[in-house]
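Notes follow the structure.
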Amino acid sequence: MTDNSPASDDPLTAEANLWVIRLTEEPDDRDLRKEFSAWYAQSPCHADAWSRALRVWRLTGAVEPALLSLPDKPKSTERFVPLRPSSSLSALAGRHAVAFSLATVLCGLGLFFLPDIRIALQADYQTSTGKDQTVTLADGSVVTLGARSAIAIHYSPGKRDVTLLAGEAFFQVKHDATRPFQVTAGAIQARDIGTRFDIRLDPTEIRVGVQDGRVGVSSPTQTQEVVLNAGDEINVDRSDGHVTRKTVSPDTIGSWQTGTLVVDSDTVGHVTDTLKRYYPGFIVNWSAKLRSRQVGGIYDLHNIPAALRAAVVPSGGQVREVAGHMLIATDAPTSHEQ
């Protein structure tokens, strides 16, 4: 299945656009330009991401660079000239101009999470940002879709197939041995053996967790089906198919349905991926180290800025809000950097 992850899940693209915003907000900050030079010089991919982001900003007319050419590898921070608001935005002041620019660029990049056309064409049920939906299927099984999620239904006389196209869904299956119930998510299949279970399709992994009963899970890298019981959770890496299995409290599986995300133990990155679907804007985690840190807790899905801080700050990070539309998680500065 094609990966339908939104563009916001490309970290370099996200970082490049944030650099445009930061340089526009603080054009005279020499330390900021030095940080940008270090980021830009990390790899050709960073330079390419910057070039792509800058082209989009130029097309919108929101900003114009004072210097159009950039070196392949910055040799001096002075070679990078900050961006300034264009004359078309001169009537807007300060952060209002930045907010307008941000909205324009995010819409141009598809980063306000407008429904993916391919998913919309395939989906029988689809939710928007921050909205869950409970659906009763023709056989009496009940599916609750999380925010920004979609499923397609394929029922026939001999079987019941459901495809999770995006996001997350919790299934309460009406068992029927004569018509097997199976959910496909990416490259895996989850077969009901009489149960309540949750499946999440993240940018980097597919996760199946069983709240009650039993589920059989198959993937291309497994020689045989793995049977999960209540409290079992299996994660399949979308890049290499690597499978990991762990045990969690059954009560945490599907907890998002109550408006509260309860996490036994997970990475900041995976918690952030869930929060993104409930935030009407743009969330970026700048630090790969921060994304990989383990976290646990209870997070309010009705207050995403607070939930993100609750996950990030105890892990040594900080959260900055930009223009009311963006949350940026970064490593907190050390004492000598403050």
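Numbers for the structure displayed
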| read-out | value |
| --- | --- |
| Qualifying positions in region 130-164 - of a type in the set (D, E, K, R) and within 30 Å of Gly281 (Cα to Cα) | Lys131, Asp132, Arg148 |
| Inter-residue pairs, beta-carbon under 8 Å, first in a loop (DSSP other than H, G, I, E, B) and in region 34-59, second at pLDDT below 85, 6+ apart | Ala41/Lys73; Ala41/Pro74 |
| Per-region count, region 193-218, residues among the polar types (S, T, N, Q) and either surrounded by 21 or more Cβ atoms within 10 Å (Cβ to Cβ) or in contact with a Pro (Cβ under 8 Å, 6 or more places away or on another chain) (or both) | 2 |
| Options Ile304, Ile298; residue that is at pLDDT 95 or above, out of contact with any Gly (no Cβ under 9 Å at 6 or more places or on another chain) and outside the structural domain of Ala147 (by TED's automatic domain parsing) | Ile298 |
| For Thr244: the one exception among (1) in contact with a Lys or Arg (Cβ under 9 Å, 6 or more places away or on another chain); (2) free of Cβ contacts under 8 Å to residues at least 12 places away in the same chain | (1) |
| Test for Thr247: is it surrounded by 18 or more Cβ atoms within 10 Å (Cβ to Cβ) and out of contact with any Phe, Trp or Tyr (no Cβ under 6 Å at 6 or more places or on another chain) | no |
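Residue-wise test of (1) over 16 Å from His175 (Cβ atoms); (2) over 26 Å from the mean Cα position of the chain (by Cα); (3) touching a residue at least 24 places away in the same chain (Cβ under 8 Å).
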site	(1), (2), (3)
Arg196	no, no, yes
Pro203	yes, no, yes
Val208	yes, no, yes
Ser219	yes, no, yes
Val227	no, yes, yes
Asp232	yes, no, no
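The values are calculated or read from the model by the stated rules, or taken from the named source; none is laboratory data. Everything numeric here is computed off the predicted structure, so don't read it as measured data. Backbone-built Cβ (ideal geometry, glycine too); neighbour counts: all protein chains shown.
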